[in-house]
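**Q** If you scroll down you'll find the structure; I have some questions about it.
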Amino acid sequence: MISQIIFALLLATAGYFIFKRYQFVKGNILLGQKGPETDRKGERLKTMILVAFGQGKMFSKPFVAILHFILYSGFLIINIEVIEIVLDGLTGEHRSFVGFGGYYRLLINLFEVLAGLVIVACVILFIRRNAGKIKRFQSAELTKWPKSDANIILIVEVLLMSALLIMNAADSILTVRSATPARVPSFWVSQIYQPLLTSFSTHSLEGISHFFWWFHIVGILGFIVYLSFSKHLHILLAFPTTYFSKLKAPGNLSNDKAVTNEVKLMLDPNAVVESVEFTRFGVKDVSDMQRTQLLSAYSCTECGRCTSVCPANQTGKLLSPRKVMMDVRDRMEEIGNAKAANKGVWVEDGKSLIRDYISEEEIWACTTCNACTDACPININPMEVLVDLRRYLIMEESKSPDSITSMFNNVENNGAPWAMSVMNRADWTNE
């Protein structure tokens, strides 16, 4: 009874912290403006199934995709066993579903195979990430905490899967010794551990089984709490992110509705325009962004595929699309923490996304080629964030590089980006 009470308190505590954290994340996302991405629901559902659930874009790199698929499927399928573990903890039983006989044995053995594959995949990914000298894992934004975060997750996965296998190995030996029907023998993978445990007494084996049972469930609950603070929040948020992702052609930039309305009225004073609640042109801070963009920032996997294909980054420019999304998330966290410390009220701190997080040099380095969005495994669009930041600089601060300012002046004065009059524009054809 005492262990059941402790387990119930543990569940309640984990649930409380998970609820508080996800409320915090939700509040930060709601800082943004409502987005228009609600049309074509059938296409959006299909995109979510193919890209988020089916991981369709991951397979551009097959080796990594297979390893990631093992981790992903392991996370989804093995955690079905958590249902039994939770039921065991609440009832005081051990292996509540053992009564299903052969079906149960088959299911647990499949879990074991997946657990073994997850351990192998985690070890390979850990070595690859830390010793592989892969450029996208060595960028400046992926040092310190982001690097440690990825390694912590891989290590925890190995520990959790190992705990499951050791518990099963101990239970197998106990079954042979006591013929207790509440335990299941003949596990496929955990028998590897059995030679290490056969010398232990029955009492010690029962202690080992209970210890790793607790280690596994406490680790899972802790993992879920940690998940909400980690980049691995994408495990959950990838689904709404892909659902709300852009369905238009990649080169089709979203226009500012307020500007579009003005242009329509200039061309036709009687034109019917959509009502727009105007705040400012472009984006200065996260509160000016669409909620779907903020959701994307929390969904970023920090894999760096966007940065690895960015032509500006490849030629030595300061821009890293991955850093842009990480900066958006960091700014949201800063504002959210400040609100929490001030009883939910946000007081301007004199900072903004521009310059305090993302420099003008980064903003203007983007070529708007859209390679980053094409490469992202969950359809995040860093390019649109950079375009919105540019809009603010040009339309609110009248700031742009000299080459762009010159082009604007030429378009205004000459009707074209070249510094020549309309009358002389075709003279080159006479030569």
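Each value in this text was obtained by applying a stated rule to the coordinates, not by laboratory testing. The shown structure was predicted, so the numbers you read here are calculated from the model rather than taken from an experiment. Note that we place each Cβ from the backbone using ideal geometry, even for glycine, and neighbour counts take in every protein chain shown.
**Q** With a 10 Å Cβ neighbour count serving as the proxy for reagent exposure, in which order, fewest first, do M167, M289 appear? Please report the intermediate quantities before stating the final value.
**A** Details: M167 22, M289 27.
So the residues, fewest neighbours to most, are M167, M289.
**Q** Each residue of region 345-358 in turn: what ³J(HN,Hα) in whole Hz from Karplus with 6.51, -1.76, 1.60 and θ = phi - 60°, glycine and Pro shown as x?
**A** Taking θ as phi minus 60°, the curve returns 9, 9, 10, 3, 9, x, 9, 7, 5, 6, 6, 6, 10, 10 Hz for region 345-358.
**Q** Roughly what percent of Cα-Cα pairs across region 76-231 reach past 26 Å?
**A** 33 percent
**Q** Put +1 on the Cβ of every Lys and Arg and -1 on every Asp and Glu Cβ in region 256-409; which of G282, I380, L393 then has its Cα farthest towards the positive end of the dipole?
**A** Most positive-ward Cα: I380.
**Q** Assuming 0.692 mPa s and 37 °C, estimate D for region 256-409 with Stokes-Einstein, Rh taken as the Kirkwood radius over Cα pairs, in µm²/s.
**A** Diffusion coefficient, whole number: 193 µm²/s.
**Q** Can you pull out the trypsin sites (Lys or Arg not before Pro) in region 247-279 whose DSSP state is coil and whose Cβ has at most 14 other Cβ atoms within 10 Å?
**A** Those that pass, being in a loop and sparsely packed, are K248.
**Q** Any of K246/K399; K41/K246; K20/K144; K257/K399 with alpha carbons more than 18 Å apart? Name them for me.
**A** On the way: K246/K399 28 Å; K41/K246 12 Å; K20/K144 26 Å; K257/K399 21 Å.
Long pairs (Cα-Cα over 18 Å): K246/K399; K20/K144; K257/K399.
**Q** Now for a different question. For K246, enumerate residues with amide H under 5 Å from its amide H, sequence gap 5+ or separate chain, H modeled in the peptide plane.
**A** Under 5 Å from the amide H of K246: no residue qualifies.
**Q** Per residue of region 310-326, what does 6.51 cos²θ - 1.76 cosθ + 1.60 with θ = phi - 60° give for ³J(HN,Hα)? Whole Hz please, x for Gly and Pro, Karplus curve as stated.
**A** With the stated coefficients, region 310-326 comes to 6, x, 5, 5, 5, 9, x, 6, 6, 5, 9, x, 4, 4, 4, 5, 5 Hz.
**Q** Moving to a separate point now. Quick check on packing: order 44-57, 417-430 by the mean number of other C-beta atoms within 10 Å, highest mean leading.
**A** 44-57, 417-430
**Q** Taking R0 as 30 Å, what FRET efficiency do you get between E348 and E277 from their Cβ-Cβ distance, rounded to the nearest 0.05?
**A** Given R0 = 30 Å and the Cβ-Cβ separation, E is 0.90.
**Q** Then there's this: Based on DSSP H runs of at least 4 residues, each adding -39500 (n - 2.57), what is the mean residue ellipticity at 222 nm of the chain after dividing by all its residues, to the nearest 500 deg cm²/dmol?
**A** So the helix-based figure for the chain works out to -19500 deg cm²/dmol.
**Q** For all pairs of alpha-carbon atoms in the chain, what percent lies in each bin of width 20 Å, listed from the first bin to the last filled one?
**A** 21, 46, 24, 7, 2, 0
**Q** For each of H94, H203, count neighbouring Cβ atoms within 10 Å of the residue's Cβ, then give the residues from fewest to most.
**A** Least crowded to most crowded, the residues run H203, H94.
**Q** Which cross-chain or sequence-distant (5 or more) residues have an amide H under 5 Å from the amide H of Q290, H modelled 1.01 Å from N in plane?
**A** Amide H neighbours of Q290, under 5 Å, 5+ apart: Q33.
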